[in-house]
Amino acid sequence: MDKSEILRIVNGVFIDILDDENIVLTDETTANDVDEWDSLNHIQLVVAIERQFRIRFNSQEIQRWNNVGEMVNSISAKLN
Amino acid sequence: MQQQLGYIYDRIETLSPMHSKKLKKNMAFFDDRYLELADTFFNKYTRILQAQNKTLDYSIDCYLQMIADVNSETIEFLRTGKYTSSTFDEVNKRVYARPETMEYYMHGLIMSQFLWRHHYQMFNYFITTLPQYVNVIKHYLEVGVGHGFYLSKVLEVLNPESSITAVDISETSIALAKSFINDSRIDFILKDIFEFDNHKKYDFITLGEVLEHVEDPLKLLLKLNALLSPDGVLFFTTPTNAPAIDHIYLFNNVDEIRLLIKAAGFQIESEMAILSEDVSPEKAEKYKVAVLYGAFIKKSNPTN
Ligand SMILES: C[S@@+](CC[C@H](N)C(=O)[O-])C[C@H]1O[C@@H](n2cnc3c(N)ncnc32)[C@H](O)[C@@H]1O
């Protein structure tokens with residue numbers, strides 16, 4: 001799966017969990033750009049993304065992401 | 001906003017923007033009473049830190065370390081539906097008997113008393129209800145005294161002649177509580193509560209966030225029932241769905257806690273349940289958001 005496809009799926013998960021149709025993610029998007037992306041929702045996002053892609057993140061990865069692109073890179077590394 | 005509180009919020013915003021969003025939501029609930037209590041607390045706490053050559057930055061780091069623990073435990077909980085530890089031995093080795101862990105945990109937890117709305121509201125419920133019982137309290141016991149914040153405020157309310165005992169299994173907790181309180185009236189006892197018995201009956205027992213730390217919470221409530229005088233009162237708090245490095249017993253909902261109260265021979269005098277996040281009840285259920293439950297309970301059959 002290429003990264004743009006991963007980003008598209010991740011975008012869908014964000015829309016679902018944060019309950020906001022208008023979210024458009026790019027690689028540069030951070031929690032500062034998305035109002036509802038707080039610590040509670042972050043955890044829900046992580047778990048939902050894991051289910052969606054059938055992968056598991058480790059805790060270092062989760063703490064390290066600074067933006068959506070880094071999250072997509074983690075997912076991509078696990079899928080390929 | 002008060003100086004220290006403002007500093008803490010700013011620093012957390014820099015170090016952990018996502019967590020800071022949660023804290024900011026809480027702010028809307030803070031009234032003058034909160035600001036006054038928080039100000040008094042942080043002044044006192046900062047002085048104690050200074051005496052140990054520490055600063056508020058140290059405590060903020062402790063708090064964020066605790067949050068990082070809670071976050072990774074929560075992810076695991078959502079994956080499996082279980083807490084990561086299930087035996088007392090495990091958490092004793094992992095947490096209570098480990099001063100480095102216990103130290104940041106207790107400093108983090110004491111900060112949360114004012115940074116988390118549900119912790120503050122539960123404390124406020126306790127401290128505004130306690131005076132109702134004060135006249136009959138000759139012997140007061142706190143189990144799992146931890147950082148000692150509750151006990152420090154209880155001292156302001158109890159009659160000066162009441163005897164006060166504080167039990168905790170962790171040396172680090174006892175040391176922190178002593179530095180926070182420093183009052184010769186209190187008898188601090190380093191012991192597992194299941195091994196504690198000094199042949200006294202207590203008129204009031206406080207048990208703050210300990211029930212979820214034991215393998216058999218019914219056994220603990222029965223033990224406290226036996227330690228209470230016939231008309232004695234127990235105040236306890238415990239959360240549902242609250243993964244943490246030292247939680248072993250999972251309450252799935254508040255009704256499970258109420259059933260336990262009954263099974264241990266108690267009846268509820270008053271109770272309070274507070275959601276730990278500012279979300280709708282539907283979302284809370286779907287996401288398994290923790291509820292903090294607290295209650296004042298009495299023996300249902302006060303003959304023993
Ligand atoms: C989460 S802290 C709660 C501190 C404080 N009471 C509060 O409400 O914030 C739990 C405390 O209970 C203590 N504890 C856990 N199991 C215990 C046991 N079996 N006997 C005595 N203390 C125990 C721990 O060492 C810790 O200090």
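The values are calculated or read from the model by the stated rules, or taken from the named source; none is laboratory data. The structure presented is a predicted model; accordingly, all values stated were derived computationally and were not measured. Here Cβ is always computed from backbone atoms with ideal geometry, including for glycine, and neighbour counts include all displayed protein chains. What goes into the accessible areas is simple: the full protein's heavy atoms, side chains included, and nothing from ligands, DNA or RNA. Shrake-Rupley method; radii C 1.70, N 1.55, O 1.52, S 1.80 Å.
Between B and A, buried accessible area from a 1.4 angstrom probe totals roughly 1700 Å², ignoring ligands, DNA and RNA.
Counting Cβ atoms of other protein chains within 10 Å of each Cβ in A:40-49 and taking the mean gives 6.
Working from label points 7 Å from Cα in the Cα-to-Cβ sense, the B:N182 to B:E100 distance is 2.9 nm. For region B:3-115, rounded, prolate or oblate, judged on the Cα gyration tensor with a ≥ b ≥ c (square roots of eigenvalues), a/c < 1.5 rounded, else prolate if a/b > b/c? Verdict is oblate for region B:3-115.
For A:K78, the lysines whose Cα comes closer than 27 Å to its Cα, not counting residues fewer than 8 places off in the same chain, are A:K3, B:K82. Overall, the accessible surface of the protein assembly as shown at a probe of 1.4 angstrom is composed of carbon and sulfur to the extent of 48 percent.
How many angstrom lie between the C-alpha centres of region A:7-60 and region B:71-149? After rounding, the separation between the Cα centres reads 30 Å. Shielding of peptide A:28-37 by partners, expressed as the average count of other chain Cβ atoms within 10 Å per residue Cβ, is 2. Legend: residue pairs B:K22/B:K93; B:K200/B:K299; B:K138/B:K298; B:K178/B:K262; B:K22/B:K223; B:K54/B:K191, Cα-Cα distance threshold 26 Å; pairs beyond threshold, B:K22/B:K93; B:K178/B:K262; B:K22/B:K223; B:K54/B:K191. Phi angles across region A:27-37 convert, under the Karplus curve 6.51 cos²θ - 1.76 cosθ + 1.60 with θ = phi - 60°, into 3J(HN,Hα) values of 4, 8, 4, 10, 4, 5, 8, 10, 3, 7, 7 Hz, Gly and Pro given as x. For chain A, the alpha carbon positions stretch 31, 24, 22 Å along the principal axes, listed from largest to smallest. Only the Cβ atoms of Lys and Arg (+1) and of Asp and Glu (-1) were treated as charged; on that basis the dipole of the protein assembly as shown about its Cα centre amounts to roughly 820 debye. DSSP assigns beta bridges within chain B; of those with both partners inside it, close to 45 percent run antiparallel. The H on the amide N of B:H147, modeled in the peptide plane, is under 5 Å from the matching H of no residue at least 5 residues off or on a different chain. Just to verify a number: FRET efficiency for A:D35 and B:L190, C-beta to C-beta distance, R0 = 51 Å, to 0.05? Plugging the Cβ-Cβ distance into 1/(1 + (r/R0)^6) gives 0.60. Peptides B:25-35, B:166-176, B:247-257, B:226-236, ordered by how many other C-beta atoms sit within 10 Å of their residues on average, highest first, read B:166-176, B:226-236, B:247-257, B:25-35.
Remark: the protein assembly as shown carries 45 Å² of accessible area per residue (probe radius 1.4 Å; ligands, DNA and RNA excluded).
Counting only DSSP beta bridges whose two residues both lie in the protein assembly as shown, roughly 45 percent are antiparallel. At full extension, B:V157 and B:S270 could sit 38.7 nm farther apart than now, given 0.36 nm per residue minus the alpha carbon distance.
Peptides B:182-194, B:146-158: what's the order by average Cβ count within 10 Å, highest mean first?
On the way: B:182-194: 14.3, B:146-158: 20.6.
Most protected by this proxy first, the peptides run B:146-158, B:182-194.
Charged side chains reduced to their Cβ positions (Lys and Arg at +1, Asp and Glu at -1) give region B:175-304 a dipole of some 320 debye around its Cα centre. If you take the Cα centroid of region B:219-296 and the Cα centroid of region B:6-61, the two points sit 27 Å apart. Distance between the modelled labels on B:Y58 and B:T14, one decimal in nanometres: 1.9 nm (7 Å Cα→Cβ projection). Modelled label positions at B:A28 and A:I55, each set 7 Å beyond Cα in the direction of Cβ, lie 3.6 nm from each other.
Calculate the mean, over all residues of peptide B:67-78, of how many other protein chain Cβ atoms lie within 10 angstrom of the residue's Cβ.
4
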